[in-house]
Amino acid sequence: MAAVAEAPPLPPVRGRSPGGTAARRGGRPERRLPGDGDAAAMEAAGLPAALELAAGGGAGLSPEKRAALGASLPLLRRDYRFEAVWFWGCVRGVRGAYYIAQGLGTDRAAPRSRLYSLDCVEWSLLTPLTKEVEAQAEKLKGRFQGDPSFQYEYAEVNAEDAERLLEDGKEPVIKEEDRLIATIDQIDRAVGIIPRGAFVKTPLGSVHENRNFEGLSLTEAKKLSSYFHFTEPVNLKNKTLLEKANWDPSTDFLDSLEHDIPQGSWTVQSEKGGAVVVLRSLLWPGLTFYHVPMTKQYGYVYFGTGEKNLDLPFML
């Protein structure tokens, strides 16, 4: 399983006209949030509002880039026949930046297709890595260069592996494109999150959006236990029967954030006067998740250098 949580378009809200004009209730206008009534995930339709909620007024993307994404993401969905396309975020390099999108099928737990672009217009499909290459790519340190064809020497990671590859007649290098795939996987596994109840697992094992999900309450939205890692669970099997007593197997099938290591690797803040709850990862700086309580609006986006904060345990 991989990363970002998408919320379906909000249903029509009683008391609001089709054009979005607030209707009076008891003499008071209904409150309207940025993106309310639109697709709330990082899809093309709701991207500007989602970025405003997650990244402070769209920080991280210029108006030109946002316009380009609004035009190119629907084309990706059509051309590749995806069920949905999410804008995942941006990995900034020394000489350029990689803009990342993900294509999803009906089963949200199935492996996702990943694409990158240097200009938000032309997109290239990222090919999944073998476990061996991914393990080596994850060991690379330092900034990305921003050039997909840039090559890292295997000797930078493991001299023995480099010698073995030379003996086998293979070139001991790792492409930056491979490192990009490995980094996206790492971030998705470590900090790709969803609110509790946003997705349901069927008896057949497939995962789908929960059409009955109406958002977390403000109190629940401020708790780390209300959010799950949207990846294969690791700690779930270690829970006792007593801990699982009040769980619903259709919604509580993932690991929650409350026992993440190191403790304190997440910050939880209420912003915009308490209208939105924002979680930020200190382990992978640049990852921001947002949720508007009592609505279906949530999602996450990454704007960073693709570097893990390895010093975090010593900083807490």
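The values are calculated or read from the model by the stated rules, or taken from the named source; none is laboratory data. Every value quoted in this text rests on a predicted model; they were computed, and no experiment measured them. Ideal geometry is used to build each Cβ from the backbone, glycine not excepted, and the neighbour counts take in all protein chains shown. Just the protein is used for accessible areas: all its heavy atoms, side chains included, with ligands, DNA and RNA removed. Shrake-Rupley method; radii C 1.70, N 1.55, O 1.52, S 1.80 Å.
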Calculate the radius of gyration of the Cα atoms of segment 40-151 to one decimal place, then report Dmax, the largest Cα-Cα distance, as a whole number, both in Å.
14.7, 40
Any residue on another chain or 5+ positions along whose placed amide H is under 5 Å from the amide H of Phe199 is listed here as Asn210
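Compare the peptides 181-192, 255-266 by average per-residue count of other Cβ atoms within 10 angstrom and give them in order, highest first.
Peptide ranking by packing, descending: 181-192, 255-266.
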Please report the net charge: other residues with Cβ closer than 9 Å to the Cβ of Thr231, K and R +1, D and E -1.
-2
Can you work out ³J(HN,Hα) from phi for every residue in segment 292-308, in order, using Karplus 6.51 cos²θ - 1.76 cosθ + 1.60 and θ = phi - 60°, giving whole Hz and x for Gly and Pro?
8, x, 6, 9, 8, 8, 6, x, 9, 8, 10, 10, x, 9, x, 10, 7
Quick one: what are the phi-derived ³J(HN,Hα) couplings along segment 72-81, Karplus 6.51/-1.76/1.60 with θ = phi - 60°, whole Hz, x for glycine and proline?
8, 5, x, 5, 4, 4, 6, 5, 9, 6
With every protein chain in place, segment 265-312: carbon and sulfur % of accessible area (1.4 Å):
51
I'd like to compare 129-137, 45-53, 69-77: which one has the highest average count of other Cβ atoms within 10 Å, and what's the full order after that?
45-53, 69-77, 129-137
Amide H partners (placed H, <5 Å) of Leu287, local residues excluded
Ser281, Phe303
